[in-house]
Amino acid sequence: MLLKVLTLGGIALLLVLRLLRGRFGATLLGVSVRALNIVYLLALVVTGIVAGLLEQWVLLGVVAVLLAISGIEEIRRRRSQQTAPPRAVR
């Protein structure tokens, strides 16, 4: 029973961190977007390790999906920065 509660809590925490990762979350919490991204990725890695050790496969699956989504977002962001024309300096 305790592991079920911890699993649901872990999933809820990861989803809340995912939602707060943008500019709105950074403004709300008073930290930079980069810091939120680092915290989010660290939370994913730690949660994934703990889920694997405790054999919580549902939580491990959620972590894997969220890591994949984050990787795809990062690849898209870098590609858009490479193809975007340079900004004029004022």
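Just so you know, all these numbers are worked out from the coordinates, no wet-lab data involved. Bear in mind the structure is a predicted one, so any value in this text is a computation, not a measurement. Cβ coordinates were reconstructed from backbone atoms using ideal geometry, including for glycine residues, and neighbour counts include every protein chain displayed.
At-a-glance table
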| quantity | calculated |
| --- | --- |
| 0 to 90° range, to nearest 10: angle between helix 2-19 axis and the chain longest Cα axis | 10 |
| Cα coordinate range in the chain, projected on the principal axes (Å, largest first) | 59, 27, 14 |
| Loop-located GluC sites (Glu not before Pro) in the range 8-90, at most 12 other Cβ atoms within 10 Å (DSSP) | 55 |
| Tilt relative to the chain, helix 57-83 - C-alpha long axis, 0 to 90 degrees, to 10 | 10 |
| Gaussian network model of the chain, Cα within-10 Å springs - most flexible of 21, 79, 34 | 79 |
| Residue among 64, 35, 43 with the largest mean-square fluctuation in a Gaussian network model of the chain, springs linking Cα atoms under 10 Å | 35 |
| Whole-Hz couplings from phi, Karplus 6.51/-1.76/1.60, listed for the range 36-51; x for Gly and Pro | 5, 5, 5, 4, 4, 5, 5, 5, 5, 5, 5, 5, x, 5, 5, 5 |
